[in-house]
Amino acid sequence: MKPRSILAAACLVLALGAGSAAAQGTVKIGVIAEFTGPFADYGTQIYNGMKTYIKLNGDTFGGKKVEFVVKDTTGASPELAKRLAQDAVTLDKVDILAGFGLTPNALATAPVATEAKKPMVVMNAATSVITKQSPYVVRLSHTLPQDTMPMAQWALKNGIKRVFTLVSDYGPGKDAETEFIKDFKAGGGTIVESVRTPLANPEFAPFIQRAKDSNPEAIFVFLPPGSQTIAFIKGYEERGLKQAGIKIIATGDLTDDGVLEAMGDPTLGIVTSFHYSYAHDSPENKAFIKSYVETNGTRLRPNFMACAGYDGMAAIAEALKKTGGSTDADKMLAAFKGMHLTSPRGPISIDPETRDIVQTVYIRRVERVNGQLVNVEFDKFPNVKDPGK
Ligand code: PHB
């Protein structure tokens with residue numbers, strides 16, 4: 001062997017040696033999410049939730065110490081998300097892919113999970129079909145059909161008969177629209193009109209005017225929380241829909257705890273269906289909120305994405321305990337399937353057939369409690385599976 005190839009061979013052995021030593025002691029989790037741009041709070045909430053779990057439970061599970069490798073998709077950028085996932089696997093040698101606030105980023109990454117045989121833990125993205133895109137996807141957040149179905153039932157039971165639907169024109173919005181229309185019509189309701197607003201830079205005024213002109217009893221809404229939900233509520237208020245007697249009904253994405261204060265008093269009285277409320281009354285939620293604030297030193301109120309980040313990390317920890325620290329995708333998926341956890345949101349489990357979450361969906365109303373705007377739960381639908389499957 002020439003000296004240079006001996007050197008190369010030595011480097012290779014060193015690299016392999018370092019790799020396997022690392023593999024023995026640590027588990028690397030690639031956190032791929034939105035940390036800048038209009039959806040920056042999504043990644044922040046998810047990652048803050050994950051760190052909160054570690055703060056409360058330590059960083060070693062099944063004998064392996066958890067390390068995070070964080071990657072910023074900067075928004076809804078499927079090509080970038082896919083490349084970041086590939087880099088995470090090939091360059092950073094992550095064992096698990098996690099995060100995913102937005103559906104397009106999760107959909108683009110699923111084939112990477114399949115090819116690389118890595119577990120992929122979805123901590124928000126909520127379009128029903130995501131779990132079908134790879135056998136290694138498991139979801140600890142929610143699906144839009146799951147959160148929508150109880151809203152349709154509640155509206156029918158409460159005498160609402162004519163509804164206008166307005167959703168964001170991509171996966172979760174289409175899922176919400178389809179489920180709401182199906183359930184509402186099956187219960188005898190009438191859909192007066194359905195509109196979809198663009199995911200990028202929507203202008204709500206013309207859609208809100210159309211809703212007013214069609215004179216429904218309520219508008220059913222799904223919008224991704226943040227600047228869009230703030231703009232929608234502002235338009236609803238300015239165009240006098242409340243005064244015209246047109247109610248809002250929605251999934252809790254609209255009255256997200258993280259942006260509720262920014263939307264202010266016009267949200268008072270809005271009824272939504274959702275799986276997590278900051279105001280959920282349980283010891284687990286109180287401990288979660290206290291630790292979230294201590295861990296992250298932030299004024300951002302933990303929301304459903306933070307809760308799913310926390311639960312996603314809990315599921316990874318429990319799976320590692322079951323596999324004795326192995327991150328083999330088949331072993332980890334076997335551990336996830338049928339898993340039960342007590343989440344800050346209430347009891348949750350992973351459906352062994354679909355790898356999707358089963359959970360209680362609550363009906364809530366926005367109220368001011370101790371000076372804070374919160375979603376107060378007043379009814380619930382236990383053990384809801386994704387009806388989209
Ligand atoms: C999604 O892109 O899947 C998504 C984003 C925000 C939500 C729900 C779903 O509140």
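Between SER214, SER291, SER273, the GNM of the chain built on Cα springs shorter than 10 angstrom shows SER214 fluctuating the most. Sequence-ordered 3J(HN,Hα) estimates for segment 369-380 from the Karplus curve with 6.51, -1.76 and 1.60 and θ = phi - 60° stand at 10, 6, x, 10, 6, 9, 8, 8, 6, 9, 7, 8 Hz, glycine and proline given as x. Assign one of three labels to segment 264-389, namely rounded, prolate or oblate, based on the Cα gyration tensor with a ≥ b ≥ c the square roots of its eigenvalues; rounded applies when a/c is under 1.5, prolate when it is not and a/b is larger than b/c, and oblate otherwise. Oblate is the answer for segment 264-389, as a/c is 1.5 or above yet b/c matches or exceeds a/b. Taking every C-alpha pair closer than 8 Å and separated by at least 6 residues, the mean separation divided by the residue count of segment 228-321 gives a relative contact order of 28 percent.
Where Lys and Arg each count +1 and Asp and Glu each count -1, what net charge lies around THR36 among other residues with Cβ under 13 Å from its Cβ? Net charge in that neighbourhood comes out at -2.
Database remark: amide H of LEU199 closer than 5 angstrom to the amide H of ASP169 (H placed geometrically; neighbours at sequence offset of 5 or more, or on other chains; Pro and chain starts carry no H). Estimated at 0.36 nm per residue, the fully extended path between GLN372 and LYS185 surpasses their Cα-Cα distance by 63.7 nm. In the chain, Cα pairs under 8 Å separated by at least six residues give a relative contact order of 18 percent.
Let a ≥ b ≥ c be the square roots of the eigenvalues of the Cα gyration tensor of segment 71-157; is it rounded (a/c under 1.5), or, if not, prolate (a/b larger than b/c) or oblate? Prolate, since a/c reaches 1.5 and a/b exceeds b/c.
Considering only alpha-carbon pairs that sit under 8 angstrom and 6 or more positions apart, the relative contact order computed for segment 112-164 is 30 percent.
Taking only Cα atoms of segment 148-265, what ratio of Rg to Rh do you get with Rh as the Kirkwood inverse-distance radius? Using only Cα positions, Rg/Rh for segment 148-265 is 0.93.
Set the Förster radius R0 to 30 Å, insert the Cβ-Cβ distance between ASP330 and ALA262 as r into 1/(1 + (r/R0)^6), and round the FRET efficiency to 0.05. Provide the component values of the computation, followed by the final result.
Working: r = 44 Å, r/R0 = 1.47.
Once the sixth-power term is evaluated, E becomes 0.10.
Between VAL70 and residues 5 or more places away or on another chain, which pairs have amide H atoms under 5 Å apart, with H built 1.01 Å from N, and which residues are they? Close amide H contacts, sequence-distant or interchain: VAL31. Phi-derived couplings, Karplus 6.51 cos²θ - 1.76 cosθ + 1.60 at θ = phi - 60°, listed residue by residue for segment 200-217: 9, 6, x, 10, 7, 3, x, 5, 5, 5, 4, 4, 5, 5, 7, 6, x, 7 Hz, with x used for Gly and Pro. For the chain, list log₁₀ I(q)/I(0) at each q in 0.09, 0.13, 0.15 Å⁻¹, using the Debye formula over Cα point scatterers of equal strength and ignoring solvent, two decimals each. Listed by q, the Debye log ratios stand at -0.51, -1.01, -1.31. Relative to the dominant Cα principal axis of the chain, helix 144-157 is inclined by about 20°. For each pair in LYS286/LYS380; LYS118/LYS321; LYS93/LYS290; LYS117/LYS290; LYS93/LYS337; LYS51/LYS174, compute the distance between the two Cα atoms and list the pairs where it is over 29 Å. From the list (LYS286/LYS380; LYS118/LYS321; LYS93/LYS290; LYS117/LYS290; LYS93/LYS337; LYS51/LYS174), the Cα-Cα distance tops 29 Å for LYS93/LYS290; LYS117/LYS290; LYS51/LYS174. Annotation: amide H-H contacts under 5 Å for ARG162 (H modelled 1.01 Å from N, sequence separation of 5 or more, or interchain): THR190, GLU217, ALA218.
In sequence order, segment 261-266 has phi-based couplings of 5, 5, 7, x, 4, x Hz under the Karplus curve 6.51 cos²θ - 1.76 cosθ + 1.60, θ = phi - 60°, and Gly or Pro positions carry x. Within segment 119-217, the ratio Rg/Rh, alpha carbon atoms throughout and Rh by Kirkwood, equals 1.04. Taking Cα atoms only, the orientation of helix 171-186 departs from the longest principal axis of the chain by about 40 degrees. Taking 0.36 nm per residue of separation and subtracting the current Cα-Cα distance, fully stretching the chain between GLU193 and SER214 would add 6.8 nm. Angle of helix 304-323 to the longest C-alpha principal axis of the chain, folded into 0 to 90 degrees and rounded to 10: 40°. Estimated at 0.36 nm per residue, the fully extended path between LYS157 and ASP281 surpasses their Cα-Cα distance by 42.1 nm.
Comparing THR255, THR74, THR44 in a Gaussian network model of the chain where C-alpha atoms under 10 Å apart are linked, the largest mean-square fluctuation is found at THR74. For the chain, the mean residue ellipticity at 222 nm estimated from helices alone is -13500 deg cm²/dmol, where every DSSP H run of n ≥ 4 contributes -39500 (n - 2.57) and the total is divided by all residues, rounded to the nearest 500.
How would you classify segment 33-96 from its alpha-carbon gyration tensor, with a ≥ b ≥ c the square roots of the eigenvalues: rounded for a/c under 1.5, else prolate if a/b is greater than b/c, otherwise oblate?
Judged from the Cα gyration tensor, segment 33-96 comes out oblate (a/c at least 1.5, b/c at or above a/b).
All of the numbers you see were taken from the coordinates with simple rules; none came from a lab. Given the structure is predicted, the values throughout are model-derived calculations rather than measurements. Positions of Cβ are backbone-derived with ideal geometry, glycine not excepted, and every protein chain shown enters the neighbour counts.
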